[in-house]
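Read-outs throughout are calculated quantities, based only on the coordinates presented, and are distinct from any laboratory measurement. The structure presented is a predicted model; accordingly, all values stated were derived computationally and were not measured. Counting neighbours? That spans all protein chains shown, and the Cβs are built from the backbone with ideal geometry, glycine included.
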Amino acid sequence: MDLYVLIYPNANIPTGKSISKEGTRLQVRTLKEGKIPLFTSKEKIFDDGVIKGQVNYVALNGKVMFEMFKNAPMILLNPYSRPSKEFLPDEIKKLIDGELFKADEERQIKPGTSIQLGIPANYPNDLVASLKKYCDTREEIKGGYLALVSGLSSDEPPHILIGLELMESSNEIFGEVAEAISGHIPEGEAVDMINVAGNDATAQNLRQQQFKVY
């Protein structure tokens, strides 16, 4: 995923898409408190009307972006949007190492499995609020759904199933969601996530209006 960073004018950087030369230096703009603003799209730069005129920026792969800083900085992702996300230096190091946004495991539902979906009796309002805030930061997410799922296996208790409507599956996004909601998952409980953009039975059932949260 590419991220956008604001820079001061640089005559050595051409307009449009290009390949940087070895030794290219960027003078990155920072906020008053020294935090670096990053954006997930060009449009996010102008959210809330904070920046009104022309501004210089470059787009780089997220991992490349973080690695170009000598020391892990404090970063604000989409600072003019609601919500924004702050990354602390320790989180940046984990991002570079690929440890932060990583789903625990991937599994397939066996054909013919009878799955039941319902509304959780103890509805996870805080988890849903965090999920909705995250979805607001990613244009790739067209919809979000949450249900209590049971029947995946005989020895597995009912647990939360989150569905994201993505035009293409993204382990990065699932990993980011896991991080965003991690503080609201009771210890020892599982949460499954699936892409519900397809037409399989589980996706169709989860896309019902009563499970929609975003």
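Taking the mean number of other Cβ atoms within 10 Å as a proxy for protection, how do you rank 137-143, 120-126, 75-81 from highest to lowest?
For the peptides 137-143, 120-126, 75-81, the packing ranking is 75-81, 137-143, 120-126.
Output the peptides 43-55, 196-208 sorted from most to least packed, where packing is the average of other Cβ atoms within 10 Å over each peptide's residues.
Per-residue mean Cβ counts within 10 Å order the peptides as 196-208, 43-55.
How far is it, in nm, from the label point at Ser41 to the one at Ala129 when both lie 7 Å from their Cα along the line to the Cβ?
Between Ser41 and Ala129, the label points sit 2.6 nm apart.
Please give the FRET efficiency for Val55 paired with Asp192, using the beta carbon to beta carbon distance and R0 = 35 Å, rounded to the nearest 0.05.
My answer for the efficiency is 0.30.
Using amide H atoms built 1.01 Å from N in the peptide plane, name the residues 5+ places from Ile7, or on other chains, whose amide H lies under 5 Å from its own.
Residues meeting the criterion, in which the H sits 1.01 Å from N, are Arg29, Asn56, Tyr57, Val58.
Would you work out the relative contact order for region 116-211, in percent, from Cα pairs under 8 angstrom that are 6 or more residues apart?
So the answer I get is 31 percent.
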